[in-house]
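Working notes for the structure below.
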Amino acid sequence: MSDLFWLTDEQMERLRPFFPKSHGGARVDDRRVLSGIIFVNRNGLRWRDAPREYGPHKTLYNRWKRWGAMGIFVRMMDGLAAGKAGPQTIMIDATYLKAHRTASSLRLKKGNPGCLIGRTRGGMNTKLHAITDQSGRPLSFFMTAGQISDYTGAAALLDSLPAAQWMLGDRRYDADWFRDALEAKCIKPCIPGRKSREKPVRYDKRKYKRRNRIEIMFGRLKDWRRVATRYDGCPTVFFSAICLAATVIFWL
């Protein structure tokens, strides 16, 4: 099939340092299996619907589950992102990811606190918090239930912030404690003030216009059907799909 996805030799060489060591016999062709995993995640297919060119679907699924549990896909994105030069400007934002009924069972009235799915006005959702560089390439993610405040994601991502000069964020991140935390890291906040503030907050409006790049990043991530719609109940598996998509789109 001409529309199949195949990793190039150059891309495989960049990913190979993050592969786990093979114990016992040699693994099945890494390029074929990993390309099949990417194809299934990008198109939102069931594993049994994977094209035959990628080999047995059970092999793809087993590799996906095993490497996801080991954090290999998260390690790929973190490793490739860390290899780039330090950004002068970083951005923060969050987006909702719709949870399919297969991920959120209606029989769980109070919900499973470990699945990171919450009820919002738009239905059952997961919220993805992200930090990107000035080009809109993701540096780190944090995942919560949909109803969780953006401040929670901002607090969780503080420790992973790279050295930078500016932080761009919308007015949802206008909080004194967050501004103080950024200044403690020698990062200047470029965040408009909430309308409820008595005194207006000054910010660089020209620089703030570049914040649309993080919105574009979320849009490109959601082009992957398995990211835009959460089919997996396990948050670790879903987070692996997000990191794999970010790696292929922005860092390969």
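Quick rundown of the values:
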{"item": "Solvent accessible area, Å² - residue 166, 1.4 Å probe, full protein context", "result": "60"}
{"item": "Inverse of mean 1/r across different Cα pairs in region 1-51, Kirkwood, Å", "result": "12.3"}
{"item": "Cα-based helix-to-principal-axis angle, 72-82 vs the chain, degrees rounded to 10", "result": "50"}
{"item": "Partners for residue 195 among lysines (Cα-Cα distance below 21 Å; same-chain residues under 8 apart left out)", "result": "205, 207, 209"}
{"item": "Coordinate range along principal axes, alpha carbons of the chain, Å, largest first", "result": "64, 46, 34"}
{"item": "Whether region 174-223 is rounded, prolate or oblate, judged on the alpha carbon gyration tensor where a/c under 1.5 counts as rounded", "result": "prolate"}
{"item": "Cα-based helix-to-principal-axis angle, 30-43 vs the chain, degrees rounded to 10", "result": "60"}
{"item": "Net charge, residue 252 excluded, C-beta distance under 9 Å - Lys, Arg +1, Asp, Glu -1", "result": "0"}
{"item": "Residue 174 accessible area, 1.4 Å probe, all protein chains in place, Å² to nearest 10", "result": "10"}
{"item": "Size of charge dipole - region 78-242 - debye, nearest 20, with Cβ of Lys, Arg +1 and Asp, Glu -1, no other charges", "result": "740"}
{"item": "DSSP bridge orientation in the chain - percent antiparallel, rounded to nearest 5", "result": "70"}
{"item": "Heavy atoms of residue 243 accessible to a 1.4 Å probe, total area in Å² rounded to 10", "result": "0"}
{"item": "Ranked order, 65, 58 - accessible area, probe 1.4 Å, largest first", "result": "58, 65"}
{"item": "Whichever lysines have a C-alpha closer than 25 Å to that of residue 98, once near sequence neighbours (fewer than 8 apart) are set aside", "result": "65, 109, 110, 127, 222"}
{"item": "Rounded tilt (10° steps) of 57-70 against the dominant C-alpha axis of the chain", "result": "40"}
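The values are calculated or read from the model by the stated rules, or taken from the named source; none is laboratory data. From a predicted model like this one, the values you see are computed outputs, not experimental measurements. Glycine gets a Cβ as well: all are built from the backbone with ideal geometry, and neighbour counts include every protein chain shown. Note: areas computed on protein heavy atoms with side chains; ligands, DNA, RNA excluded. Shrake-Rupley method; radii C 1.70, N 1.55, O 1.52, S 1.80 Å.
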